[in-house]
Amino acid sequence: MHPEVHLYEVGARDGLQNEADVVTTAAKLELLDRMAAAGLRQIEVTSFVSPKWIPQLADADDLVARLVRRPGVRYSALVPNLAGWERFAGSGLDVAAFFVSASESHNRKNVNRSVADHLEGFKPVAAAALEAEVPLRCYVSTVCGCPYEGDVPVEQVLALVRSLLELGAAEISLGDTIGIGTPRQVRALVEAVAAEVPLERIGLHLHDTYGRALANVEAGYEAGVRHFDSALGGLGGCPYAPGASGNVATEDVVDLFERSGVDTGVDLDALVDATSWVEKSLLGRPLPGRVYRARLGERERAQREEAH
Ligand code: HMG
Ligand code: MG
């Protein structure tokens, strides 16, 4: 059976790019395998960005060379420019993900150039990807607000969406990078973007800084979106968006939908196992995911009762 909503797991990329400690390649490989084993079918593995800018993902080439791929899983990685594409091209990954911000200041902080120059640099990447028949996922960041500029006009988002579609974007992921959006705002944004690109090609990438990510997922679903980005345990954040916190937690999204009778194809228990492993063996700090924490509590209570 095909799931009714499609989750795109970003914990290994958006999550680990934002950790103070660098996780070993072997541990990343185990994490990626645990994600696939839990039923996640779209997994962002890493980024082919500059290792000087994101040292946490400097092992991208080695990681991807050693990745044992599970059948039925679409693996992707971030590609910011032609140098990134050259690294991606030999990787055997399924989807290349480009990113650009709807606000000029965040784009400059993130990729060291203007939106126009960044799009110019994307043109040869897009041409090469189309030639190689690699689908392009394109993130538009800061769609609900910018850490440097504040409000971002919807028209700015739409203009960027149009440019990306012209260049061959297969999917558009709308990024609330700083998690400031409200359900009403997300609904209006989705309606506006859906006038440019069919809903089945729109994803939502919602950070949880202000605690509204899950409400925004629900608003997006009601507006017709069926693709959601999320991260195990609520990992994540953009190093070039100060104050931004993690993505909506995968467990929260799975539980929200499954309890509403909407199939996600993901095994919540296996996710909780994976996140518990990340917490204990990888990062050594508690992760914020609400459903994850609730499920852990249930497990601990059950164990205590069994021991009595
Ligand atoms: P730059 O320093 O302007 O690059 O960085 P450059 O083109 O001037 O080149 C400088 C040096 O970097 C050269 O090497 C290049 O070869 C090298 P040198 O000659 O000095 O030895 N270089 C590269 N090396 C490896 N891979 C590459 C690459 N490109 C150049 N791809 C650049 C420009 C875009 C590379 C840099 O700014 C960068 O890597 N930025 C990435 C920032 C990033 O990863 N941010 C987080 C991801 S986006 C995000 O989290 C938001 C998202 O989750 C959605 C949302 O939440 O909204 C997606
Ligand atoms: Mg993000």
Provide a single number: the residues in the range 7-61 that are among the small types (Gly, Ala, Ser), over 22 Å from PHE98 (Cβ atoms), out of contact with any Leu (no Cβ under 6 Å at 6 or more places or on another chain) and touching a residue at least 24 places away in the same chain (Cβ under 8 Å).
3
Unmet requirement for GLU200, which otherwise passes all of (1) surrounded by 17 or more Cβ atoms within 10 Å (Cβ to Cβ); (2) under 22 Å from VAL10 (Cβ atoms)
(1)
Within the range 97-113, can one find any residue that is open to solvent by less than 30 Å² (accessible area, probe 1.4 Å), of a type in the set (Gly, Ala, Ser) and on the phi > 0 side of the Ramachandran plot?
no
Flag for ASP273 being assigned to a helix (DSSP H, G or I) and either touching a helix residue (DSSP H, G or I) at 6+ places or on another chain (Cβ under 8 Å) or within 16 Å of ligand 2 (Cβ to nearest atom) (or both):
yes
Those residues of the range 8-23 that are open to solvent by 10 Å² or more (accessible area, probe 1.4 Å) and either part of a helix (DSSP H, G or I) or within 18 Å of VAL95 (Cβ to Cβ) (or both) come to a total of 3
Which residues, taken from the range 124-143, are more than 10 Å from ligand 1 (Cβ to nearest atom) and of a type in the set (Lys, Arg)?
none
When the range 61-84 is checked residue by residue, the ones that are out of contact with any Ser or Thr (no Cβ under 7 Å at 6 or more places or on another chain), in a helix (DSSP H, G or I), of a type in the set (A, V, I, L, M, F, W, C) and open to solvent by less than 20 Å² (accessible area, probe 1.4 Å) are none
If GLY121 meets every condition in (1) open to solvent by 10 Å² or more (accessible area, probe 1.4 Å); (2) closer than 23 Å to ASN247 by Cβ; (3) within 12 Å of ligand 1 (Cβ to nearest atom) apart from one, which number is that one?
(2)
Subset of the range 84-118 that is of a type in the set (Ser, Thr, Tyr) and touching a strand residue (DSSP E or B) at 6+ places or on another chain (Cβ under 8 Å) - its residue that is nearest to ligand 1 (Cβ to nearest atom)
SER101
Given the condition among the polar types (S, T, N, Q), open to solvent by less than 60 Å² (accessible area, probe 1.4 Å) and within 11 Å of ligand 1 (Cβ to nearest atom), answer yes or no: does some residue in the range 24-46 qualify?
yes
In the range 24-60, the residues that are outside any strand (DSSP E or B), within 16 Å of ligand 2 (Cβ to nearest atom) and of a type outside the set (A, V, I, L, M)
TRP53, GLN56
The correct count of residues that are within 16 Å of GLU133 (Cα to Cα) and either within 16 Å of ligand 2 (Cβ to nearest atom) or at pLDDT 95 or above (or both) in the range 92-114 is 6
Residue check for LEU130: within 25 Å of HIS6 (Cα to Cα) and either without any contact (Cβ under 8 Å) to a residue 60 or more places away in the chain or open to solvent by 10 Å² or more (accessible area, probe 1.4 Å) (or both):
yes
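The values are calculated or read from the model by the stated rules, or taken from the named source; none is laboratory data. Everything quoted here is computed from the prediction, not taken from an experiment. Neighbour counts run over all protein chains shown; Cβ positions are idealised from the backbone, glycine included. We work out accessible area using only protein heavy atoms, side chains counted, and drop any ligands, DNA or RNA first. Shrake-Rupley method; radii C 1.70, N 1.55, O 1.52, S 1.80 Å.
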